[in-house]
Amino acid sequence: MLAFGGKGVLWFTYAHPPYPEFRQAMLNDDGTPTPQYEEVKQINADLRRLGAYLLDAQSTLVFENGALPVGGTPPPASASVTLQGTANITVGEFWKAPYTYVLLASRDYRAAISTNATFKATTLQRLDKTTSTWTDIDPAVETNVTLLAGDAELFRLLK
């Protein structure tokens, strides 16, 4: 959703509703956290860190690498990044002066995926979501990107 320029997330249930057939809320009937609670907590932290850069940025391009989903867009020649191989990744490009941001989002919710990426940039950085700091990357060298199941990585570049 973020790769497409989404600006928010809505969680369907926080606490367990009073329906016996309903499962997998973030809290049990008695208010104790379920395993989903920690997962959602981590997702929220990642979204907060990514949102610091993408919330005010303008979505400029979205395309898919790998198997093209129904209605999907293949990688255009004008993209700021080229991905090697067939990893199922949705790429969102955003603009907020002076940077172009590139979000690589895995479409595989079961397993980690890996690809090599080549960016069209003179300056390239990757966001470390655990520290909210940017790490410099040599844009002249192919960058290995490994995405955990359903995860995303954010890059910023100057062209």
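Here are the numbers:
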item: Choice from 143, 34, 82 showing the highest fluctuation, given a GNM over the chain with Cα pairs closer than 10 Å; result: 34
item: With DNA, RNA and ligands ignored, accessible area of residue 100 (1.4 Å probe; Å², nearest 10); result: 20
item: Cα centroid separation, segment 108-152 to segment 70-89 (Å); result: 15
item: Rounded tilt (10° steps) of 35-54 against the dominant C-alpha axis of the chain; result: 30
item: Fraction of accessible area attributable to carbon and sulfur, the chain (%, probe 1.4 Å); result: 57
item: Where segment 93-136 is the region considered: accessible area per residue in Å², 1.4 Å probe; result: 51
item: Candidates 31, 66, 51: whichever shows maximal mean-square fluctuation once the chain is modelled as a Gaussian network with Cα springs under 10 Å; result: 31
item: Of 21, 142, 64, the one that fluctuates the most in a GNM where the chain has Cα springs shorter than 10 Å; result: 21
item: Overall form of segment 52-159 per C-alpha gyration tensor (a/c, 1.5; a/b vs b/c); result: rounded
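The values are calculated or read from the model by the stated rules, or taken from the named source; none is laboratory data. Given the structure is predicted, the values throughout are model-derived calculations rather than measurements. Side chains included, ligands, DNA and RNA excluded: accessible areas come from the protein's heavy atoms. Shrake-Rupley method; radii C 1.70, N 1.55, O 1.52, S 1.80 Å.
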